[in-house]
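**Q** Have a look at this one before I ask anything.
Derivation of every value follows stated rules applied to the coordinates shown; laboratory data play no part. Predicted model, so just to flag it, every value in this text is computed and none were measured. Cβ sites come from the backbone with ideal geometry, for glycine too, and all protein chains shown count toward neighbours.
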Amino acid sequence: MSRWRPQGPLGLGGAPLGNLFAPIEEAVAEAAIEAAWDAGIRLFDTAPLYGLGLSEHRMGRVLRRKPRDEFTLCTKVGRLLEADPAAPHEQHGFLGGLPFRVRYDYSADATLRSIEHSLARLGLARLDIVLIHDAAEDPHGPAWPERFAEAMAGAAPALTRLREEGVIRAWGLGVNCVEPCLLALEQADPDLFLIAGRYTLLDHGALERLIPACAARGASLIIGGPYNSGLLAGGKTFNYAPAPADLLARRDRLAAFCAGQGVPLKAAALQFCAAPEVVAAVIPGGRSPAEVEENARLMAHPVPPGFWVALREAGLIPPGAAVPGG
């Protein structure tokens, strides 16, 4: 069993609340976080990157009004925000964020400084989970092993010390790739990983090695991107880019199968992600109260056990994938 478990299977991912791809009015963002609380969600994930601090500001504004011991708060390190009055309107897909630029720094000093900055933006006195953000190939390209080594030499021991001192409850990586997580299990002592998009109805990249490795080490997974950046929610993007034809075809097969069974595709997507024993939570994003409330309903939507058997027999999920109810 994992050393760390949150309250409930559903969390709130904070990237959309940083104006990812489109701006959100302050009142709508605040209402979305309140809707998550009212739906029983108690795991809130954010990061300095999301809107260049905007997501942290918005989450903190709501969560400061809640009993601190009743929710789990996660943010990330690895990018420091530096003030810049000339910062462009759009950065890293976030529109109209705060006037900062990001600078990668995985050192121990930067890790501690990043945590202090996040606490100030949140207006809260402590964090529960801190994740090393994007020490992986997708942001760094061929240089990613060097950046990962910096994180293992700097951020990882700093976060381990904070955990041992009781300053934080857990630490790990927040990435879109499996390989850094496997290396971190070999080189350090992480509690969990937030892996985005690599364990879904469409992408089973975490199944063969990462899920067994976490089980062996008592580490947890938080599953981000359960809709694969919109493809499983009726969109046409995968990993925030136009989806290739083969994935569109697979999504259409899944959608047709679910429709024939009377099960919403999005409900199947969320509940599939939550099934493995090592999965502590699934954290879809939400841009509005309606989206957050819908995700909560879908996670609880009744799905007959025979649906998962039929899905496997149809070859739409791997034979070894866990399903709800075993």
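**Q** Just to confirm a number: summing +1 for Lys and Arg and -1 for Asp and Glu over residues other than Ala143 whose beta-carbon lies under 13 angstrom from that of Ala143, what do you get?
**A** -4
**Q** Between Ala310 and Glu82, what is 0.36 nm times their sequence separation minus the Cα-Cα distance? Round to one decimal in nm.
**A** On the way: separation 228, 0.36 × 228 = 82.08 nm, distance 5.20 nm.
Additional length available on full extension: 76.9 nm.
**Q** Residue by residue through region 282-292, which ³J(HN,Hα) values in whole Hz follow from phi under the Karplus form 6.51 cos²θ - 1.76 cosθ + 1.60 (θ = phi - 60°), with glycine and proline marked x?
**A** The phi angles translate into 10, 10, x, x, x, 8, 7, x, 4, 5, 5 Hz.
**Q** Students often get this wrong, so try it: which of [x] 64, 39, 34; [y] 53, 44, 39; [z] 64, 49, 34 is Cα extents along the principal axes in Å as calculated from the structure shown?
**A** Entry [y].
**Q** If the cut-off is a Cα-Cα distance under 26 Å, which lysines reach Lys236, setting aside same-chain residues fewer than 8 apart in sequence?
**A** In chain and number order, the partners are Lys266.
**Q** Another question, then. What number comes out for the charge environment of Glu179, summing +1 per Lys or Arg and -1 per Asp or Glu over other residues with Cβ under 15 Å away?
**A** Local charge sum for Glu179: -4.
**Q** Place +1 on the Cβ of every Lys and Arg and -1 on the Cβ of every Asp and Glu in the chain, take the dipole about the Cα centre, and give the residue among His89, Ala36, Leu183 whose Cα lies farthest towards its positive end.
**A** The listed residue farthest towards the positive side: Ala36.
**Q** On a straight-distance basis, which lysines could pair with Lys76 in a cross-link, Cα separation under 23 angstrom, same-chain partners fewer than 8 positions away excluded?
**A** The reachable lysines, counting only those whose Cα sits under 23 Å from Lys76, are Lys66.
**Q** Using DSSP to call loops (not H, G, I, E or B), can you name the GluC sites (Glu not before Pro) in region 251-301 whose Cβ has at most 14 other Cβ atoms within 10 angstrom? List each step's numbers first, then the result.
**A** Values: sites: Glu277, Glu291, Glu293, Glu294; in loops: Glu277.
Counting only loop positions with at most 14 other Cβ atoms within 10 Å, the GluC sites (Glu not before Pro) in region 251-301 are Glu277.
**Q** Helix-only estimate, please: 222 nm mean residue ellipticity of the chain, summing -39500 (n - 2.57) across DSSP H runs of length 4 or more and dividing by its residues, to the nearest 500.
**A** -11500 deg cm²/dmol
**Q** What is the magnitude of the charge dipole of the chain about its Cα centre, with +1 placed on the Cβ of each Lys and Arg, -1 on the Cβ of each Asp and Glu, and no other charges, expressed in debye to the nearest 20? Intermediate values should be presented prior to the final figure.
**A** Values: 31 positive and 36 negative charges, 98 e Å.
So the magnitude is around 480 debye.
**Q** Find the centroid of the Cα atoms in region 178-246 and in region 117-167, then give the distance between the two in whole Å.
**A** Measuring centre to centre over Cα atoms gives 18 Å.
**Q** List the residues, sorted by chain then number, that are 5 or more residues from Phe21 or on another chain and whose placed amide H is less than 5 Å from its amide H.
**A** Those qualifying (amide H under 5 Å, at least 5 residues apart or on another chain) are Phe94, Leu95.
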